[in-house]
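All remarks here apply to the structure that follows.
Coordinate-derived values only; no laboratory data. In this text, all values refer to a predicted model and were calculated from it rather than measured experimentally. FYI the Cβ positions are ideal-geometry reconstructions off the backbone, even for glycines, and counts take in every protein chain you see.
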């Protein structure tokens, strides 16, 4: 919890999970449970594709609706100018990008997911880095301040603080 509190002070304010739609929070918890199972069985060190396949299998077993390689159109001046892709679209509610790096999730990773959330007008995205020794050290929640109810915090994302692992 100390790490989380330090981040809150650094960013000023963090959006608590209780401020998100309870159904969205429950969907994210179900996904995280699946990711924890994958990480417990495999641990860190494998290529990204191994984790992706294992997560697809676990999501299917747990009946968590998902699509992979989900494309999102990007508009500028009311015209589609291209598209971006996320690794997973979970229960038609939020995006998930996965990594398998020893290094921490970067600001660039967060910014890219936040931009994708804005393009899709979704509240929440998660980044899960299976390359960390403890999965909770690789869980990052990214919020779209434009889609949050009454929230104007431009830089609101968190290392996920969940007690499931």
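In table form, for the structure just shown:
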{"read-out": "Contact order relative to length of region 19-159, as percent, for alpha carbon pairs under 8 angstrom and 6 or more apart", "value": "19 percent"}
{"read-out": "Translational diffusion coefficient (Stokes-Einstein; Kirkwood radius from C-alpha pairs) of region 36-160 at 4 °C, 1.567 mPa s, in µm²/s", "value": "86 µm²/s"}
{"read-out": "Burial ranking of peptide ranges 139-145, 34-40 (average Cβ count within 10 Å, highest at the top)", "value": "139-145, 34-40"}
{"read-out": "Ordering of 63-76, 92-105, 119-132, 43-56 by packing [mean C-beta count within 10 Å, highest first]", "value": "119-132, 92-105, 43-56, 63-76"}
{"read-out": "Point-to-point label distance, residue 61-residue 101, nm (Cα→Cβ direction, 7 Å offset)", "value": "2.9 nm"}
{"read-out": "Region 19-159 - share of DSSP beta bridges that are antiparallel (%, nearest 5)", "value": "80 percent"}
{"read-out": "Two-site label geometry, residue 137 and residue 80: point separation in nm, points 7 Å out along Cα→Cβ", "value": "4.2 nm"}
